[in-house]
C-alpha cells in the first residue's frame, strides 16, 4: 500500500507532518450510502403515496414492495423478478429505472461477494456407513424377509389340522369301503385280453350259451356272467378315506379330492400361497371361498373337484400337467358342461 503525508496544524499553529496509510484514508472517506430500497421509500414518502395503492396499480404484492424498501431480497421470488419490481417501482415514482437497476445489481453483487461461504461441520454421528456396512444391512433385510415368509408358511400348516380317519368298521357299515372277502372265497378272474374278449363275444353271439348247473358240493367257482355270456367287469376299488385339510374354511364350496397320490399347489391373487403339499389317495382339501384362486398339479386326472357335495369331474387328464386351473365355482360348472 502506498503511504501519503497528511498536513495538520499543531498546537502552536505550525504544520504537523504525519504519514498516513492509504487504508486510513479510505476508511475516513467511506460514508454510509443510501440503498436502493431506502431511496425508493424516501421518494414514495416525498410524493405521499401509499404502498397499498401502488400495489394495485403495479400489480405487485404489497409485501414484495415492503421487501424492496427494506432491501430484503431473500423474500422476493428471484433475481429477475426483483429487477423488474425495482424498474417498475422507480419509474412509477418518476425516477430513472435503468439507473436504479444498475445500483440494484451492484448492491446484490456486493452482498454475494461479502457473504461468507458456509462451512459444513460433520459430527461423528453423521458419518456414512462403509460399503461393508451396506452389504451387511442388505443381508440382514433379506434374512428378515425370509424369516417372515417361513413363519407365515409354518403357521398356515399348523392351522390345517388333519381330520381323524373313520375306523374301518364304521366305514364298512356306511358303505364307504368294500368288505374283505371271506376266507376260502374265490378271487375274481383277471380281465382277459381285449382282442380275445372281442372274438369270444362274437363266437358266443353266434352260438347260444348252454347253462351249466354247478355241483352243490363243488361250490360256485365260475365267475359271474352277463346276459351275453361275457364275464362281468369288477367294480372299481373305492378310494380310502384320507386326511382332510383346510378345516378352518367353514364357508368352502369346493373340495379337492385326490384319487391317487398327487401334489397340489393352490394360489390366490398376487401369488398368495394357500396350499402346497403332497396328497395321498383319499386326502381332501377344503378350498377357501375366495375369488381368483387357481390349482396346479402334475397329474390332472388324479384330482377330483367336488362342488357343493356333487362331483364335477377332474382337473385334467391322467398324467397331464394342469397349470393354473380356475377354482371359481362357475368356471368348474362350465368346464363340466363342456366336457
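A short reminder: the numbers here are calculations on the coordinates, not readings from a lab. What you see is a predicted model; the values in this text were computed from it and never measured. Cβ placement follows ideal geometry from the backbone for every residue including glycine, while neighbour counts extend to all protein chains displayed.
Let a ≥ b ≥ c be the square roots of the eigenvalues of the Cα gyration tensor of the range 244-337; is it rounded (a/c under 1.5), or, if not, prolate (a/b larger than b/c) or oblate?
In terms of gyration-tensor shape, rounded.
Suppose R0 equals 41 Å. What FRET efficiency, 1/(1 + (r/R0)^6) with r the Cβ-Cβ distance, do residue 317 and residue 144 give to the nearest 0.05?
Working: r = 43 Å, r/R0 = 1.06.
Once the sixth-power term is evaluated, E becomes 0.40.
Treat the count of other C-beta atoms within 10 Å as a stand-in for reagent exposure and order 64, 263, 338 from fewest to most.
On the way: 64 18, 263 15, 338 6.
Taking fewest neighbouring Cβ atoms as first place, the list is 338, 263, 64.
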query = For the range 72-109 and the range 269-324, what is the separation of their C-alpha centers, rounded to whole Å?
reply = 79 Å
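Under the 0.36 nm per residue contour assumption, what length would be gained going from the current alpha-carbon distance of residue 330 and residue 281 to full extension?
15.0 nm
How much length is gained if the chain between residue 55 and residue 134 is pulled fully straight, taking 0.36 nm per residue apart and subtracting their Cα-Cα distance, in nm to one decimal?
Values: separation 79, 0.36 × 79 = 28.44 nm, distance 5.59 nm.
In short, 22.9 nm is gained.
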ask   = Quick one: 134, 54, 303, fewest Cβ neighbours within 10 Å first, how do they rank?
value = 134, 54, 303
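Residue 157 to residue 289: extension gain in nm, 0.36 nm per residue of separation minus the Cα-Cα distance? Mind dumping the intermediate values first?
Details: separation 132, 0.36 × 132 = 47.52 nm, distance 1.84 nm.
Answer, rounded to one decimal: 45.7 nm.
Determine, for 136, 293, the number of other Cβ atoms within 10 Å of each Cβ, and report the residues in order from fewest to most.
Numbers: 136 12, 293 20.
Lowest count first: 136, 293.
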